[in-house]
Amino acid sequence: MKRERVQEQIVKQSWKPGNVLSPLPVVLVSCGGRAEWRPNIITIAWTGSVCSDPPMLSISVRPERYSYKIIETTGEFVVNIPSIRQARITDWCGMVSGGRVDKFSESGLTPVEGLQVGCPIILECPVNIECRVQRTLPLGTHTMFVAEVVAVRVTSSLVDAKGKFRLDKAGLISYGLGHYFALGPIVGHFGYSVRKRKGKKKV
């Protein structure tokens, strides 16, 4: 009976197929930094983890974007995860072309040399993930770069006394249906739904 009442309260609409998977991580991908390519930044929402061992992720880029040729040629990029503080500049980096504008110079973001790749990380972003392309998959409007994670850096002030990275304190943002959203509080942890509750100790 309870399920029937819920079904009566929920009304669905049918939409045409589209990219409505939300929210998504919105990231600043840095690339270039070699003699033939100056450092550049592109804003990307089509990104995700694809493998644990080896650690791998993917980004999808339109071939007509300025950064596409850089990544295709160098085979390297850095996924920088921005916070609310970089929300406006994250949008800006997705609206202007690196072919016409030096985004690092104009945005005020700080490029720092990568540990394992030739392109810089963005100092102000809480998380920096250096990547090396392993596969390139043309899919249609976008080409997916599947890459191995070769180095990770996090902002030290977000690491607590126990060495745990407090992602919940980073003030991260997400993207969905044309809008940016602030991420909310922690509502659980992996496996909490099946974890047995600790009973009261007998006296």
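If the condition is being at pLDDT 95 or above, part of a loop (DSSP other than H, G, I, E, B), closer than 17 Å to T47 by Cα and within 19 Å of the chain's Cα centre (by Cα), then the stretch 132-181 contributes only H142. So is K12 loosely packed, with under 13 Cβ neighbours inside 10 Å and of a type outside the set (V, I, T) or not? Taking the combined requirement at face value, the residue satisfies it. Restrict the check to the stretch 27-39 and report whether at least one residue is of a type in the set (S, T, Y) and modelled with pLDDT of 95 or more. There is at least one residue in the stretch 27-39 that is of a type in the set (S, T, Y) and modelled with pLDDT of 95 or more. Looking across the stretch 52-87, the residues that are surrounded by fewer than 18 Cβ atoms within 10 Å (Cβ to Cβ), in contact (Cβ under 8 Å) with a residue 60 or more places away in the chain and part of a loop (DSSP other than H, G, I, E, B) come down to P54, P55, R62, P63.
This table checks each residue for (1) of a type in the set (A, V, I, L, M, F, W, C); (2) closer than 21 Å to L21 by Cβ; (3) surrounded by 15 or more Cβ atoms within 10 Å (Cβ to Cβ).
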| residue | (1), (2), (3) |
| --- | --- |
| V159 | yes, no, no |
| K162 | no, no, no |
| F165 | yes, no, yes |
| A182 | yes, yes, no |
| I186 | yes, no, no |
| S193 | no, no, no |
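Set side by side, the residues V78, V133 differ, and just one is within 16 Å of V61 (Cβ to Cβ), touching a Phe, Trp or Tyr at 6+ places or on another chain (Cβ under 6 Å) and of a type in the set (V, I, T), which is V133.
Residues in the stretch 88-120 that are hydrophobic (A, V, I, L, M, F, W, C), under 20 Å from S174 (Cα atoms) and crowded, with 17+ Cβ neighbours inside 10 Å: I89, C93, L109.
Just for the stretch 27-44: of the residues that are closer than 13 Å to I121 by Cβ and surrounded by fewer than 24 Cβ atoms within 10 Å (Cβ to Cβ), which one is nearest to the chain's Cα centre (by Cα)? Going through the qualifying residues, I end up with P39.
The values are calculated or read from the model by the stated rules, or taken from the named source; none is laboratory data. Quick caveat: nothing in here was measured; it's all calculated off a predicted structure. Reconstructed Cβ throughout: ideal geometry from the backbone, glycine too, with neighbour counts over all protein chains shown.
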